[in-house]
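S.K.: Submitted below is the structure of interest, expressed as structure tokens.
The values are calculated or read from the model by the stated rules, or taken from the named source; none is laboratory data. This is a predicted model, so every value here is computed, not measured. Positions of Cβ are generated from backbone atoms using ideal geometry, with glycine treated the same way; all protein chains shown enter the neighbour counts.
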Amino acid sequence: MVSIITRWLIITGAILIASMVVPGIKVDSLLTTILAAALLGLINVFIKPVLIILTLPLNILTLGVFTFFINAFLLELVAYFVRGFEVQSFLAAFLGSLIISVVTWFANYYINIKPEKPKRQDFIDLEKGDDGKWR
């Protein structure tokens with residue numbers, strides 16, 4: 001749960017940075033940014049994998065560069081649904097998605113969010129019983 005909230009805050013900050021750097025991206029309020037980050041996260045979880053699979057031949061042909069265009073399309077999709085979040089052109093969406101991707105990658109790299117795994121023993125501890133059997 002903590003990792004989901006942390007990633008949500010990272011995407012929120014990335015959208016704020018993109019709106020400050022790219023002149024074609026406008027955000028009305030912090031609440032709008034939070035809603036846009038939540039929707040972008042949901043779209044990245046549910047819709048982006050389907051688009052990646054559908055465009056796999058084109059993605060292979062362009063050595064993965066087409067993924068940036070998918071990200072730009074998804075950012076425009078978020079702007080369509082969230083009132084107060086504007087992306088004026090595809091170029092602005094492309095630059096904004098690049099900035100959001102880079103900021104998110106750096107933040108996740110330095111924060112290093114990993115789900116906790118239960119500790120597992122790598123060995124079996126056996127004892128020899130009084131009757132000579134191992135338990």
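S.K.: Residues to consider are ASN44, ASN71; find the one that is surrounded by 15 or more Cβ atoms within 10 Å (Cβ to Cβ), at pLDDT below 95 and assigned to a helix (DSSP H, G or I).
M.R.: On the way: ASN71 fails: at pLDDT below 95.
Unique residue meeting the criteria: ASN44.
S.K.: Would you mind telling me which numbered condition in (1) at pLDDT below 80; (2) in contact with a strand residue (DSSP E or B) (Cβ under 9 Å, 6 or more places away or on another chain); (3) within 21 Å of ALA37 (Cβ to Cβ) ALA79 fails?
M.R.: For ALA79, the exception is condition (1).
S.K.: Ok, one more. Just one of (1) touching a residue at least 12 places away in the same chain (Cβ under 8 Å); (2) crowded, with 18+ Cβ neighbours inside 10 Å trips up GLU86, so point out which.
M.R.: Every listed condition holds for GLU86 apart from (2).
S.K.: Anything in the range 24-38 that is crowded, with 18+ Cβ neighbours inside 10 Å, more than 17 Å from PHE90 (Cα to Cα) and in contact (Cβ under 8 Å) with a residue 40 or more places away in the chain? List them, or say none.
M.R.: Residues satisfying the conditions are THR32, THR33, LEU35, ALA36.
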